[in-house]
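Structure, as structure tokens:
The values are calculated or read from the model by the stated rules, or taken from the named source; none is laboratory data. Please read these numbers as outputs of a predicted model, since none were measured by experiment. Methodologically, a virtual Cβ is constructed for each residue, glycine included, from the backbone with ideal geometry; neighbour enumeration extends over all protein chains shown.
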Amino acid sequence: MTALADPSGDATGALYRRVWRWHFYAGLVCLPFLLSMAVTGALYLFKDAIEDRIYAPLRFVAAAPGPALPAEQLVRRALEAEPGEPVRYVAPEAPGRSAEVGIRTPGAGVVAVHLDPVSGRVLGRLRDDRRLMVVVKRIHSLAIAGTVANHWTEVVAGWAIVLVLSGVFLWWPRGRSGGVVSLRGRPAERTWWRDLHAVTGVTAAAAVLFLAVTGMPWSAFWGAEFSRLTNDWGVGLPAALFGPAPESAPPLASLGAVPWTLTQAPLPQSAAAGEHADHGAVAASAEAVGAPGAPSIGLDEALRRFAALGLPAGTPVYLPAGPLGVYTALRFPDDVRAQRVVHLDRYSGRVLADVGYRDYGAVGRLSEWGISLHTGGQFGLANQLVMLAGCLAIVLLAVSAAVMWWKRRPRGRLAAPPRRRGDRAAAGAIAVAVLLGLLYPLLGASMLAALLVDRIVPPHWHERFGL
């Protein structure tokens, strides 16, 4: 969003110019990244439908008579096709669907091997890190460009909040009627693009603000600290749910994609095999897949126990890693209320933890709802379409901002909104900026850096380059 007019000549005009200038620089920093996030986010909203279409030969099979093969037998078939260490098993969620075995390989990371569950025929392989929506998600978060770039997404999301708040201020009618809810002029004129930018921005302001705020929990710095603090305060995931865990216990997130509230939850450990020697629950004759000879309950028995606990077919099950590893069923559906993680002792089959949405604290529940709405999952197609509209609005805002800047820019100059000697920001604007900077530290640091640069740039540079 940008200015419709400049009510100059008074204190309001001075504040207006100041806000316009910051709005311009925020857009300059953010819009290229927001454009990328909007496009990739729009694709990710429909990830299941897109991947079902692209990977149909791997995910679907012709319905065949007869029962499905035991899971352990399917894992062995997968290992014959792709040697390595089995780490994940996903049973067919419905007739006509394939079974999936995740195998960690020395050179290709985890490879998903898809099989016909009745015949055991291998349908194909796909590396986890090369799945289309995994790549799209990494581009969306800039993780594909490394850790530093991943932190930059938090800065961009913070500046997007600044863009929305400053844009609404600039759009505010102040007694004007033109360009408030309608477009003036023709597409060949800058006024038409300016009005399109402003009207689109104020119409989509709530959606863009929601996307920016609900995207913060995934950020590398703020998200991790927010998760830690909410868990420590007992309003995220109470630590008592998992009981004491060794300091070296890896987090649940080491398994893969997990609910945000559970990212820092520890993986429990199975008791040593000898500790179960007198317990009838141990099926000594069953072998743990990937751990021959160990007195484990085995994958098939683990699946039966997960089913008895109410976990539906198709719930990903992660296999024990090492002698003290556990069987983990991770249900992460679109509806946050059905989220659930269950850990079983690999030797006794005892439930070590059974945690779901019902166990989250107030902030954990609120965050999961925000994330599910952000990704378009909570309310199905209606949710997807609302978030898609927000993504398309961001694209339109980026395009209209670039066009109207191009139309007003003098040749060879950046043409930032001019500042005048004596212009000052109002106390309210300063308070909002300070509050946002304290709430989002990386945003605050970038705001201070921008203010410093704006102050130290020599005056003649402002005049020469339009800074």
Do you know which residues across the stretch 334-373 are polar (S, T, N, Q) and closer than 12 Å to LEU237 by Cα?
SER367
Looking at the stretch 64-81, can you tell me whether even one residue there is of a type in the set (D, E, K, R) and in a strand (DSSP E or B)?
no
Which listed residue is in contact with a strand residue (DSSP E or B) (Cβ under 9 Å, 6 or more places away or on another chain), free of Cβ contacts under 8 Å to residues at least 24 places away in the same chain and part of a strand (DSSP E or B), from ARG104, ARG88
ARG104
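Only one of GLU154, GLU93, GLU100 is over 30 Å from ALA78 (Cα atoms) and acidic (Asp, Glu); which?
Working: GLU93 fails: over 30 Å from ALA78 (Cα atoms); GLU100 fails: over 30 Å from ALA78 (Cα atoms).
It is GLU154.
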Looking only at the stretch 171-187, decide whether some residue is outside any loop (DSSP other than H, G, I, E, B), assigned by TED's automatic domain parsing to the domain that holds ALA402 and at pLDDT 90 or above.
yes
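Taking the residues in the stretch 120-157 that are in contact with a Gly (Cβ under 8 Å, 6 or more places away or on another chain) and touching a residue at least 24 places away in the same chain (Cβ under 8 Å) as candidates, determine which candidate is nearest to LEU15 (Cα to Cα).
Of the stretch 120-157, the ones in contact with a Gly (Cβ under 8 Å, 6 or more places away or on another chain) are 127-129, 140, 153-154, 157.
Okay, now just the ones that are also touching a residue at least 24 places away in the same chain (Cβ under 8 Å), so 128, 140, 153-154, 157.
Values: ASP128: 51, HIS140: 34, THR153: 28, GLU154: 27, ALA157: 24 Å.
Checked the stretch 120-157; the qualifying residue nearest to LEU15 (Cα to Cα) is ALA157.
Given the condition in a helix (DSSP H, G or I) and over 27 Å from PRO320 (Cα atoms), answer yes or no: does some residue in the stretch 347-360 qualify? Even if it seems obvious, please write down each step before you answer.
Of the residues in the stretch 347-360, the ones in a helix (DSSP H, G or I) are 357-359.
Restricting the remaining residues to those that are over 27 Å from PRO320 (Cα atoms) gives none.
So far as the stretch 347-360 goes, no, none of its residues is in a helix (DSSP H, G or I) and over 27 Å from PRO320 (Cα atoms).
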Failed item in (1) touching a helix residue (DSSP H, G or I) at 6+ places or on another chain (Cβ under 7 Å); (2) farther than 24 Å from ALA257 by Cα, with GLU368 passing the rest:
(2)
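Kindly provide the set of residues from the stretch 297-329 that are of a type in the set (A, V, I, L, M), part of a loop (DSSP other than H, G, I, E, B) and over 12 Å from VAL342 (Cβ atoms), ordered by number. Working first, answer last.
First pass over the stretch 297-329, keeping only residues of a type in the set (A, V, I, L, M): 297, 299, 302-303, 307-309, 311, 313, 317, 319, 321, 324, 326, 329.
Then drop every residue that is not part of a loop (DSSP other than H, G, I, E, B), which leaves 297, 309, 311, 313, 319, 321, 324.
Scanning the stretch 297-329 gives ILE297, ALA313, LEU319, ALA321, LEU324.
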For SER36, only one of the following conditions fails: (1) exposed (fewer than 15 other Cβ atoms within 10 Å of the Cβ); (2) in a helix (DSSP H, G or I). What is its number?
(1)
Residue within the stretch 146-162 that is in the same structural domain as ALA204 (by TED's automatic domain parsing), more than 30 Å from ARG17 (Cβ to Cβ), surrounded by fewer than 20 Cβ atoms within 10 Å (Cβ to Cβ) and in contact with a helix residue (DSSP H, G or I) (Cβ under 6 Å, 6 or more places away or on another chain) present
yes
Within the set of pairs 6 or more residues apart or between chains, which connect a residue that is surrounded by fewer than 20 Cβ atoms within 10 Å (Cβ to Cβ) inside the stretch 203-230 to a residue that is of a type in the set (Asp, Glu) with Cβ atoms less than 7 Å apart?
ALA220/GLU154; PHE221/GLU154
